[in-house]
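Since the structure comes first, as structure tokens, the remarks are kept for the end.
Here, each number is a calculation from the coordinates, and none is a lab measurement. The model shown is predicted, which means the values in this text are computed figures rather than measured ones. Backbone-built Cβ (ideal geometry, glycine too); neighbour counts: all protein chains shown.
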């Protein structure tokens, strides 16, 4: 199921395990990698899963060929940030909120036993993203339910988990309405590594450069992260987060991104003009 055996997965400080669950290869890099890198500085071990394989990420290559390419690229990105990489579960546009996929993802959540889960916004421009968000929430919620059978079977695990939703692509929902973050994480000190991680996805970059203009790929990342930085107390680049409700996950006052990252995290400025004006 995972590239790294379970005995090697817990190399971080005990109890500090973060699991990033996204839809496609490159989604983690766009909205989550900066925060993962800041958490790694605190001793967190990182787990990395794209639910979908990237099989539709080419206008020229057959699905089996691009699937292999994007798998290798995602592994390169995970290696760059020192993350445990997990195999995708389905192909692109096959990410549905359905019983079998929930049970598969729940098995991996139990295997990883994270204290933090990072996933997509419940509001985003495409269904693979929003469905991944729902899958991650339910798979994490069911972690301690002994009577819930995962595929493959994994024993229930106990423990508090705080779940955060990343910002949607373009900082807006599927109706082009602005989505405002609750928290911001300073990614300025790690922005070069974040860009390098994104550039590991060479086939996606080449495809978008061809179809949308040279360097649109990295340019979109930098535009979004600088817009989020402008909502902060002075961060040059940032990633934005909203906490999922604590019910069934953790106590109501747990907010580890804010508490543990210290000056590298802050609440978003509620009256920032950027909150209202930025749409990619």
Of (i) 0.94; (ii) 0.96; (iii) 1.02, the label for Rg/Rh (Cα atoms, Kirkwood Rh) derived from the coordinates:
(i)
Say we join alpha carbon atoms closer than 10 Å with springs in a Gaussian network model of the chain; which of 207, 85, 241 then has the biggest fluctuation?
207
Restricting the calculation to Cα positions, tell me the Rg (one decimal) and the Dmax (whole number) of region 154-197 in Å.
15.7, 42
Could you tell me the distance between the Cα centroids of region 121-156 and region 168-231, to the nearest Å?
25
Cut-off is 10 Å between beta-carbons; in what order do 145, 167, 269, 231 appear when sorted fewest neighbours first?
145, 269, 231, 167
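Under 10 °C and 1.306 mPa s, how fast does region 90-188 diffuse according to Stokes-Einstein, given a Kirkwood radius computed over C-alpha pairs? Answer in µm²/s, whole number. Present the calculation step by step, with values, prior to reporting the outcome.
Working: Rh = 14.5 Å.
The estimated diffusion coefficient comes to 110 µm²/s.
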Extend 7 Å from the Cα of residue 134 along its Cα-to-C-beta direction; within region 146-186, residues with backbone N under 15 Å of that point are 174
Per residue of the chain, what 222 nm ellipticity follows from adding -39500 (n - 2.57) for every DSSP H run with n ≥ 4, rounded to the nearest 500?
-11000 deg cm²/dmol
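With the cut-off at 1.5 for a/c, could you classify region 204-259 from its C-alpha gyration tensor as rounded, prolate or oblate?
Numbers: a/c = 4.96, a/b = 2.06, b/c = 2.40.
Since a/c reaches 1.5 but b/c is at least a/b, the shape of region 204-259 is classed as oblate.
How long are the semi-axes of the equivalent ellipsoid of region 135-235, defined as square roots of 5 times the Cα gyration tensor eigenvalues? Whole Å, largest first. Write out the running numbers ahead of the final one.
On the way: eigenvalues 218, 77, 44 Å².
Each semi-axis is the square root of five times an eigenvalue, giving 33, 20, 15 Å.
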Please find, in a Gaussian network model of the chain (springs between Cα atoms separated by less than 10 Å), the residue of 121, 176, 226 whose mean-square fluctuation is greatest.
176
